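For reference, the structure discussed in these notes is given below.
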Amino acid sequence: MESESYDQMCAVVRQHHAHQCALDNTGEASGARRESILLAGLGNDLLGDTNIDCSALTAQFGEPVAALIFEVTNAAGDSHLGEYLDKLKTFSESALLIKLADLAENAMNASCAAHENGTENTRR
């Protein structure tokens, strides 16, 4: 994701918002932490929606990535939302970021589907 726009945004964040971000001494999230968050964000639904297990994720992507994916997974399933909401209260900042991004993507996808298919033909 290295581009001129990316570099410009990093500079603006360092200048105006650095005090609110988890940053290292260069003004950016550490490379390893950023990579773990991005990989876990991409794989956030793997444990809940597929038959892959945490040990396979750990073997392929390392403990930090697998641990974040496990943290955001609702292991009890969607029918146990209350338990998951309690778990949300204990999420790390990285897991909260992943969960918020996931919810935003889900909302965007639902909005696009409703626009394209009509609300009456969109899964709720």
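Taken together, the values in this text are just the output of simple stated rules run on the coordinates, not laboratory data. Quick caveat, the model's predicted, so the values are computed rather than measured.
Stretching the chain fully between Asp49 and Asp86 yields a gain of 11.3 nm (0.36 nm per residue, less the alpha carbon separation). Once you have the Kirkwood Rh of region 32-121 from its Cα pairs, apply Stokes-Einstein at 37 °C and 0.692 mPa s and quote D in µm²/s. Diffusion coefficient, whole number: 233 µm²/s.
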